[in-house]
1. Please work out which residue is surrounded by the fewest Cβ atoms within 10 Å (Cβ to Cβ), limiting yourself to segment 109-137 and to residues that are on the phi > 0 side of the Ramachandran plot and part of a loop (DSSP other than H, G, I, E, B).
2. Lys23 - would you say it is in contact (Cβ under 8 Å) with a residue 12 or more places away in the chain, in contact with a Ser or Thr (Cβ under 7 Å, 6 or more places away or on another chain) and open to solvent by 80 Å² or more (accessible area, probe 1.4 Å)?
3. Thr7: open to solvent by 30 Å² or more (accessible area, probe 1.4 Å) and touching a residue at least 40 places away in the same chain (Cβ under 8 Å), yes or no?
4. Looking at segment 94-108, which of the residues that are open to solvent by less than 70 Å² (accessible area, probe 1.4 Å) and in a loop (DSSP other than H, G, I, E, B) is farthest from Arg138 (Cα to Cα)?
5. Residue check: is Lys16 at pLDDT below 90 and more than 18 Å from Ala124 (Cα to Cα)?
6. Regarding segment 40-49, can at least one residue be identified that is touching a helix residue (DSSP H, G or I) at 6+ places or on another chain (Cβ under 9 Å), modelled with pLDDT of 90 or more and surrounded by 14 or more Cβ atoms within 10 Å (Cβ to Cβ)?
7. For Tyr10, which of the numbered conditions (1) touching a Leu at 6+ places or on another chain (Cβ under 8 Å); (2) at pLDDT 85 or above; (3) hydroxyl-bearing (Ser, Thr, Tyr) fails to hold?
8. Of the residues Ala124, Ala115, Ala100, which single one is in contact with a Gly (Cβ under 7 Å, 6 or more places away or on another chain), modelled with pLDDT under 95, of a type in the set (A, V, I, L, M, F, W, C) and over 25 Å from Lys22 (Cα atoms)?
Amino acid sequence: RFGLGSTQSYVTGEIKWFEIPKKAAQDKLSTIYYMRCQDWGKETEHSVILGNDKRNYEVRIKKLKTQTIQLDDFSDLPTFQVEPNTEYLSGFVKKGKMWAWVTDDRFKVPVRVVAKLPIGTVSAELVAVEGIDGWPYRKKN
């Protein structure tokens, strides 16, 4: 059906339909790539439609600040920090916050993610880069 998406339960086989907005909806992974294509030099906030849990949500992502960060396996990384709103999340995760640091260059590679949840903090950092020609932040020797 045009303009509709569906999910199907593996347990019951039930199919549920939901509307796909005219502005292209993204999933969680493609949202990262979509946001990397945006002009963060001129704009401090971007939004994307996220299809999640059988519904569509507008996710606003704000640029908070620029800063140089240090990771063990790279030279100093010029980055900008972003924060998505979390209203689209459900349960206890909705009460949390998340931040990501992205290289402030043409590559816009996510290098650090931190999520503060009611039960604790989860973080991830980039440890290797492959397939990017001209990556300027070589590993330290």
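1. Among them, the one singled out is Gly131.
2. When the stated conditions are applied, Lys23 does not pass them.
3. It is true that Thr7 is open to solvent by 30 Å² or more (accessible area, probe 1.4 Å) and touching a residue at least 40 places away in the same chain (Cβ under 8 Å).
4. Ranking the candidates gives Gly96 first.
5. Yes.
6. Within segment 40-49, one or more residues are touching a helix residue (DSSP H, G or I) at 6+ places or on another chain (Cβ under 9 Å), modelled with pLDDT of 90 or more and surrounded by 14 or more Cβ atoms within 10 Å (Cβ to Cβ).
7. Of everything listed in (1) touching a Leu at 6+ places or on another chain (Cβ under 8 Å); (2) at pLDDT 85 or above; (3) hydroxyl-bearing (Ser, Thr, Tyr), Tyr10 misses just condition (1).
8. Residue meeting the stated conditions: Ala115.
The values are calculated or read from the model by the stated rules, or taken from the named source; none is laboratory data. Only a predicted model underlies this, so the values are computations on that prediction, with no experimental measurement involved. Backbone-built Cβ (ideal geometry, glycine too); neighbour counts: all protein chains shown. Keep in mind that these areas ignore ligands, DNA and RNA; they rest on the heavy atoms of the full protein, side chains included. Shrake-Rupley method; radii C 1.70, N 1.55, O 1.52, S 1.80 Å.
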